[in-house]
Amino acid sequence: MDSNRCRPFGPIVIDIDNITKHYAMGDETVHALRGVTLQIHRNEYLAVMGPSGSGKSTLMNMLGCLDTPSSGRYEFNGKDVSSMDGDELAEIRNKEIGFVFQTFNLLPRSTSLGNVELPLIYAGIDPETREERAAQVLRDVGLGDRMHHKPNELSGGQRQRVAIARALVNNPSIILADEPTGNLDSKTGQEIMALLEDLYERGNTVILVTHEPDIAAHARRTVHLRDGVIERDSLLTLQAQCLSHSRSSVG
Amino acid sequence: MKRLVYELSESWKIALAQMQANKTRSMLTALGVIIGIVAVTLMGTAISGIQKGFDKSMSILGDDVLYVSQFPWARVPDWWNYRDRREIKTQYAQTLNRLIDSTPNSNLIVAVPTSNIAKSVKYADNQVTNIFIQGTTSDYPLISVVDFTHGRFFNEMETKSAANVCLLGYDVADALFPSGSPINKEVLISGQAFKVIGVGSRQGSFLGLFSLDSIVMVPLPTFQRYFSAKSESDVRVKIRDKSKLGDAKDELTGLMRRVRALPPEKKNDFDINEQQAFKSTLDPVKNSIAIAGLFITGLSLFVGAIGIMNITFVSVKERTKEIGTRKALGARRRTILLQFLIESTALCIVGGAIGLTFAYALCFGIEHAFPSFPIQFSLGLVLTSMIVSVLTGLISGFAPAWSASRLNPVTALRYE
């Protein structure tokens, strides 16, 4: 057992307690989440895995504050998100969460710089600071020479880098990446994964949502979902191991 | 607050980029607004032109002049009751002036007689027919503004001595003397020779009904010597204070009853007319033309607004995913609402500006092609049209913008 992996975690960022989500689809009620409990600490690198229909997307929408649970409690940095209204959630998403989508979701008519500035506009940052900060993160992801290009003038990997820069620009508490390599060839995908790894090493909290095991393998912790419940959480296994490890080393 | 400003300026940029990206679609949509604004603006210019022409005609009558006439100006249903009225005699003016002078604090200033008849006027080979010949005294300039391009009005001497002198209206002078000055030339009015001593400046027409420039003025005694048969006369009285029009009218009625020696039991057998009579007859007509015109042209603007609403709905639909992304990045409902409102408003402003330019060019053309056509382009009209454009954009964009702002971010992000 590698004792390095047993180092203590940072403070809790996300605290989900027994949340459920059901919605009506036609005459039927779909139970997407049937009681999920999950804690995510600062500077974790976590992958949420599961087959389609497992509630993976629904959980991601919850984690990203795009939706609120039907029951249960969700605290983000100590704030109760489960009872917030649309505009309050928008505020949390703007300040605390950086989204990276499978389809990049860049504004087609804006330059890289314009796309990265968007969250700062919604945060009410003045134009000079905006441009300065957006340019800085673009340089950080290696796109210093692509600032004034529009998305259709960029390769897929470059587009995803712009999207990651946009996710980073407001210094969010978590980066939420939904199948970030799904639309990329494997080589570019590896580059993007290396970039996410790098962000994690620099102290960011990264949450991956994916169904590909080799992508999930980059994460330090994996949560498997099936039929709306957590089937396996590697952290709990690890904690058990560390616990016995420390006992055995003391004993 | 600052945040709102940044959001607004970003929305403007997006709106303009959107228009550039969909040039054909934006132009076609804006065309509806362009046509609407052209129609409404032209109607507006026509209405204010009519108003201006009306005001001008009224100012020629004078808002401080009472007309003592045989019949009322307004149409009366019981015309047979007026049939047997005695004519107004020009001598009344002298009597009235004497009475006015002897009344302390009179509301009236001076009475001037005029007599009118239609005759033909000739100079050398040129002849104009059906010209309004007006006989009056040298006091006439006291009650009405008389502008000259050449010469002067006749003086008291010429009036008293019944001199054969005359003033030509602009059109008459123009027709009889296509080249050269008419001053001191002799024209023939139904065979009698008159020396031209003045030419009036251009006045236009009275409510577009008859030209005020097809007139010849002669001294009243001269008029009576040659044309008194079948002529019509009235007496015009200038009042001292416009705000005491009613008092002045009462006073003049009293004086006229004395002049006509009417016993108390008899009704007035004359009428005191003023421009107000025209106003009250014509105002309802003018207003209903304005309302009907604006309503019909407003319909075309309404159709344009529907086009804007439609295209904004299309825009919201095809950019659902973008709306989802913006919401994920922290756009609030207000942000999305404003963005689409600004897009529809920007289209309307562009349409409105193009429409105004067209309308201005058309007005300019019409003014040059038909100088007499009443048309009036003003800054107020420009402002009104732009405000109307902005309102059109806001109103037609509201429903689609509202639906966009209410989209659920999860559904919007999943939309393909």
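Classify segment A:6-121 as rounded, prolate or oblate, taking a ≥ b ≥ c as the square roots of the eigenvalues of its Cα gyration tensor: rounded when a/c is under 1.5, otherwise prolate if a/b is larger than b/c and oblate if not. Present the calculation step by step, with values, prior to reporting the outcome.
Values: a/c = 1.61, a/b = 1.21, b/c = 1.33.
Taking the square roots of the gyration eigenvalues as a ≥ b ≥ c, segment A:6-121 is oblate.
Compute a Gaussian network model of chain B, connecting alpha carbons closer than 10 Å, and tell me which residue from B:S228, B:S403, B:S59 fluctuates the most. It is B:S403.
Of all lysines in the structure, those lying under 29 Å Cα to Cα from A:K187, and not within fewer than 8 positions of it along the same chain, are A:K56, A:K150, B:K321.
By accessible area of protein heavy atoms, probe 1.4 Å, what ranking do A:D140, B:D213 get, highest first? Intermediate values should be presented prior to the final figure.
Numbers: A:D140 75, B:D213 5 Å².
Result, largest first: A:D140, B:D213.
R0 = 45 Å: FRET efficiency of B:Q224 with B:T281, Cβ-based, nearest 0.05?
Values: r = 32 Å, r/R0 = 0.71.
Taking R0 as 45 Å, the efficiency between B:Q224 and B:T281 is 0.90.
The simple spin-label model puts a point 7 Å past each Cα toward its Cβ; for B:S106 and A:R139 those points are separated by 9.5 nm. With θ taken as phi - 60° and the Karplus curve 6.51 cos²θ - 1.76 cosθ + 1.60 applied, the whole-hertz 3J(HN,Hα) list for segment B:180-189 is x, 7, x, 4, 6, 7, 10, 9, 10, 10 Hz, x standing for glycine and proline. Interface of A with B. Using a 1.4 Å probe and counting protein heavy atoms only, the two chains hide about 2300 Å² of accessible surface, both sides summed. Spin-label model, A:S70/B:K317: points 7 Å from Cα along the beta carbon direction are separated by 3.2 nm.
Phi angles across segment B:42-56 convert, under the Karplus curve 6.51 cos²θ - 1.76 cosθ + 1.60 with θ = phi - 60°, into 3J(HN,Hα) values of 4, 4, x, 5, 5, 5, 6, x, 4, 4, 5, x, 4, 4, 5 Hz, Gly and Pro given as x. Each part reduced to its alpha carbon centroid, segment B:236-291 and segment A:72-99 end up 79 Å apart. Listed by chain and number, the lysines whose alpha-carbon sits under 28 Å from that of B:K89, ignoring those within fewer than 8 places in the same chain, are B:K119, B:K160, B:K195, B:K230, B:K238, B:K242, B:K244, B:K249, B:K266, B:K267, B:K279. A probe of 1.4 angstrom, applied to the heavy atoms of all protein chains, finds A:L195 with accessible area near 10 square angstrom.
How high is the FRET efficiency between A:D80 and A:H211 when r is their beta carbon distance and R₀ equals 25 Å, given to the nearest 0.05? Write down the numbers at each step before the final one.
Numbers: r = 31 Å, r/R0 = 1.23.
So, using R0 = 25 Å, E works out to roughly 0.25.
Extents of the protein assembly as shown, largest first, come to 145, 59, 45 Å (Cα atoms, principal axes, whole angstrom).
Here is the list for segment B:242-297: trypsin sites (Lys or Arg not before Pro) lying in DSSP coil, each with at most 13 other C-beta atoms within 10 angstrom of its C-beta, are B:K266, B:K267.
Approximating the spin labels as points 7 Å out from Cα along Cα→Cβ, the B:A193-to-A:A24 distance works out to 10.6 nm. Look at where the Cα atoms of segment A:178-247 and of segment B:51-110 average out, and the two centres are 102 Å apart. Near B:L16, within a Cβ-to-Cβ distance under 12 Å, what is the net charge of the other residues, with Lys and Arg +1 and Asp and Glu -1? Charge balance near B:L16 sits at +1. Against chain A, whose longest principal axis is taken from its Cα atoms, helix A:156-168 shows a tilt of about 70°.
Two numbers describe the Cα atoms of segment B:1-150: Rg and Dmax, which are 30.2, 83 Å. The stretch between B:I291 and B:S181, if pulled fully straight at 0.36 nm per residue, gains 34.9 nm over its current Cα-Cα span.
A simple rule links phi to the HN-Hα coupling: the Karplus curve 6.51 cos²θ - 1.76 cosθ + 1.60 with θ = phi - 60°, which for segment B:363-370 gives 4, 4, x, 4, 4, 7, 6, 10 Hz, with x for Gly and Pro.
Burial of accessible area (probe 1.4 Å, heavy atoms of protein chains only) in segment B:327-346, relative to its chain alone, reaches at least 10 Å² for B:K327, B:A328, B:L329, B:G330, B:A331, B:R332, B:R333, B:T335.
Give the accessible surface of chain A per residue, rounded to a whole number of Å², with probe radius 1.4 Å and ligands, DNA and RNA excluded.
Values: 11300 Å² over 251 residues.
Dividing the accessible area of chain A by its residue count gives 45 Å².
Are there trypsin sites (Lys or Arg not before Pro) in segment A:130-219 that DSSP marks as loop and that have at most 14 other Cβ atoms within 10 Å, and which are they? Counting only loop positions with at most 14 other Cβ atoms within 10 Å, the trypsin sites (Lys or Arg not before Pro) in segment A:130-219 are A:R202.
At a threshold of 50 Å², the residues of segment A:97-112 that become less accessible to a 1.4 Å probe in the full protein assembly than in their chain on its own are A:N105, A:L107, A:R109. Here the protein assembly as shown is assigned +1 on the Cβ of each Lys and Arg and -1 on the Cβ of each Asp and Glu. Its dipole about the Cα centre then comes out at about 1160 debye. Using the 1.4 Å probe convention, the accessible area of chain B works out to 51 Å² per residue with neighbouring protein chains retained. Check each of the trypsin sites (Lys or Arg not before Pro) in segment B:56-99 and keep only those in coil by DSSP with at most 11 other C-beta atoms within 10 angstrom; list them in order. Filter output for segment B:56-99: B:R75, B:R83, B:R86. Between B:F370 and A:S155, the FRET efficiency estimated from the beta carbon spacing at R0 = 51 angstrom works out to 0.20.
Quick one: pull the percent of accessible area on chain A belonging to carbon and sulfur, 1.4 Å probe, ligands and nucleic acids left out. Before the final figure, lay out each step's value.
Working: 5190 of 11300 Å².
Looking at chain A in its full context, I get 46 percent from C and S.
Determine the shielding of peptide A:54-64 by partner chains: average, over its residues, the number of Cβ atoms on other chains within 10 angstrom of each Cβ. Before the final figure, lay out each step's value.
On the way: counts 0, 0, 0, 2, 1, 0, 1, 5, 1, 0, 4.
Rounded to a whole number, the mean comes out at 1.
Count Lys and Arg as plus one, Asp and Glu as minus one, and take only other residues whose Cβ is under 13 Å from that of B:L96; the net charge is then +3.
Between amide H atoms placed 1.01 Å from N, distances below 5 Å from A:T222 occur with A:A47, A:S234, A:L235, all of them 5 or more places distant or on a separate chain. Per-residue extension of 0.36 nm, minus the Cα-Cα distance of B:L394 and B:A74, leaves a gain of 110.5 nm for this segment.
Taking the convex hull of the Cα atoms, report for chain A its projected area averaged over all directions, in nm². It would help to have the intermediate numbers written out before the result.
Values: hull surface 60.2 nm².
If I average the Cα hull's projected area over directions, I get 15.1 nm².
Seen against the Cα atoms of chain A and their longest principal axis, helix A:186-201 is set at about 70 degrees.
The values are calculated or read from the model by the stated rules, or taken from the named source; none is laboratory data. Quantities reported herein were computed from a predicted structural model and do not represent experimental measurements. When we count neighbours, we look across all protein chains shown, and the Cβ atoms used for this are built from the backbone with ideal geometry, even at glycine. Protein only, heavy atoms only, side chains kept; ligands, DNA and RNA dropped before computing areas. Shrake-Rupley method; radii C 1.70, N 1.55, O 1.52, S 1.80 Å.
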